[in-house]
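In what follows, a single structure is set out as structure tokens and then discussed.
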Amino acid sequence: MTADTADDGLDALSSKELHDLALRYAKRHLDVRFYWRLLQILPAAEVVAGKYDDAEHDLDTTLGHIDDLTDAGEGEVAEQLRPFYLEYLRGHKVKAP
């Protein structure tokens, strides 16, 4: 653990909390790039989480992706996206509330 991450409190948060914090930060800062990256990696996280139907649907339609932004904070999909949320939040020096 580096000095930058040692006291940010992010590791103690649940994956759902990381998801919510990252989405709030991105929304507040109008970070469209974050949402685009999330949409790109979400189908892979769904496959690893065993949500094959969701992943297939998402690959077929952009609207499926938009609905999934909220779902990306739930269950095994959120666990698969945890490193993405941590990297994003730490890259912006966000600390746990």
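The values are calculated or read from the model by the stated rules, or taken from the named source; none is laboratory data. Note that the structure is a prediction, hence the values are computed from the model and not measured. Virtual Cβ from ideal backbone geometry, glycine too; neighbours counted across all protein chains shown.
All but one of (1) out of contact with any Leu (no Cβ under 9 Å at 6 or more places or on another chain); (2) surrounded by fewer than 17 Cβ atoms within 10 Å (Cβ to Cβ); (3) at pLDDT below 90 hold for ILE41, so report the exception by its number.
(1) is the only condition that ILE41 fails.
What residue, among those in segment 44-86 that are β-branched (Val, Ile, Thr) and modelled with pLDDT of 80 or more, is surrounded by the fewest Cβ atoms within 10 Å (Cβ to Cβ)?
This residue is VAL48.
Conditions: (1) within 12 Å of the chain's Cα centre (by Cα); (2) modelled with pLDDT of 80 or more. HIS92 meets all but one. Number of the miss?
Unmet for HIS92, out of (1) within 12 Å of the chain's Cα centre (by Cα); (2) modelled with pLDDT of 80 or more: (1).
With respect to HIS29, determine if the residue is closer than 21 Å to PRO97 by Cβ, at pLDDT 80 or above and within 9 Å of the chain's Cα centre (by Cα).
The answer is no for HIS29.
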